Every structure is written in C-alpha cells, then in structure tokens.
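S.K.: Pasting in a structure now, in structure tokens, and then I'll have a few things to ask.
Just so you know, all these numbers are worked out from the coordinates, no wet-lab data involved. A quick note: this is a predicted structure, and the numbers were derived from the prediction, not measured. Cβ atoms come from the backbone with ideal geometry, glycine included; neighbour counts cover every protein chain shown.
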C-alpha cells in the first residue's frame, strides 16, 4: 500500500495564483504582494493536510531568485500563511535551481511532490517516489514527457487533498 508521510509543494502557480499578477504594480506598490491570492482551495487543503499528516510532515520548496524570495516571504507574512495553513515556517525552503529543489526534496525524504513545472517534475522523479504535475500551462516545455513520468496530473486542490489524505 502506498503511504504519503512527507509531502512537498511548490509555491508559485501551485499554492499561489500568479495568473493575473501585475508585475509593474508589484514593483511600484509594496502592499500589492498581499493581494496575490491562493489557488482556489489551496489554503483549506493545506490546512487539512497539515492537520491529518502533521505540520512537521509538510514542506514547501520554491525555486526563485533572491528578489522573488524576498517578495515571497512578504506574501507569506501578509497572508498569515503559517497560522492559516498550519505549515511550519521552518519547513519553507528556497532554492535557485531545479536540481537544488530535487536535492532538498531528497534531503527531507519526501514521499511526494506537487509542482506545476514539467521540468521540475522530470528532475524530481530521480529523488521522490511520487511526483504530481499540478495544473501545468499548456505551452510548457517538456509537458508531454512530464505527463508520462508523473505519478498523476492534477488540476484542483480538492484532488490534491484526496491524494494526500487517502494514500
């Protein structure tokens, strides 16, 4: 039987909905970061996953540059992310490359990882037993190969919740 005890998530376009972000406004207005929403259902699903699996079993590994890391930290605080989701601040990690993301997942001994980027899924497959392609953009590079190699392609946080709490 499959068991997912330690689960990882990407942040951008997996937990956060960056589809309508105004990058110019983001640079001009420091308060704009707080208006970026969660993906529909993400907050509630993360809270339930953390409750059922334990806060110490949920990790976020985000591949970003230094500027995006600073903005992401602001977003996490603006959204009161830790209190609203139950995810521990110590379980949020930033890396600069897909390979570093996969090595971090391996270091944390993740059983599963959810990411919207097909290339990250392909790299992650070497280090994590179950990879889930979350709502990829149709024009993504490597999409066909990632679809073949991912454990499953998922499009909603309701499905993520089901996978995380029933496997």
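S.K.: How far is helix 66-78 tilted, in degrees, relative to the longest principal axis of the Cα atoms in the chain, given as a value from 0 to 90 rounded to the nearest 10?
M.R.: Between the helix axis and the principal axis of the chain, the angle is about 80 degrees.
S.K.: Here is a further query. So how tilted is helix 98-107 from the main axis of the chain? Cα-based, degrees 0 to 90, rounded to 10.
M.R.: 60 degrees
S.K.: May I pose another question? Set the Förster distance to 45 Å, then compute FRET efficiency between residue 80 and residue 147 from the Cβ-Cβ distance, nearest 0.05.
M.R.: Here the calculated transfer efficiency is 0.80.
S.K.: Full-extension gain between residue 17 and residue 31, please, as 0.36 nm times their residue separation minus the C-alpha to C-alpha distance. Kindly include the intermediate steps, with their values, before the conclusion.
M.R.: Numbers: separation 14, 0.36 × 14 = 5.04 nm, distance 1.67 nm.
The span from residue 17 to residue 31 would gain 3.4 nm if fully extended.
S.K.: If you fit an axis through the alpha-carbon atoms of helix 42-53 and take the longest principal axis of the Cα set of the chain, what angle between them do you get, 0 to 90°, nearest 10?
M.R.: 50 degrees
S.K.: Can you give the calculated 222 nm mean residue ellipticity of the chain, where each DSSP H run of n ≥ 4 adds -39,500 (n - 2.57) and the sum is split over every residue, rounded to the nearest 500 deg cm²/dmol? Show your work: numbers first, answer last.
M.R.: Working: 8 runs with 70 residues, N = 167.
It comes out at -11500 deg cm²/dmol, rounded to the nearest 500.
S.K.: For the pair residue 3 and residue 97, how long in nm is the line joining their label points, each one 7 Å along Cα→Cβ?
M.R.: Once both label points are built, they end up 3.5 nm from each other.
S.K.: Now, a different point. What does the range 80-167 give for Rg and for Dmax, in Å, if only its C-alpha atoms count?
M.R.: Gyration radius and largest Cα-Cα distance of the range 80-167: 13.3, 37 Å.
S.K.: Considering only DSSP beta bridges with both partners in the chain, what is the antiparallel share in %, to the nearest 5?
M.R.: Just about 5 percent of them are antiparallel.
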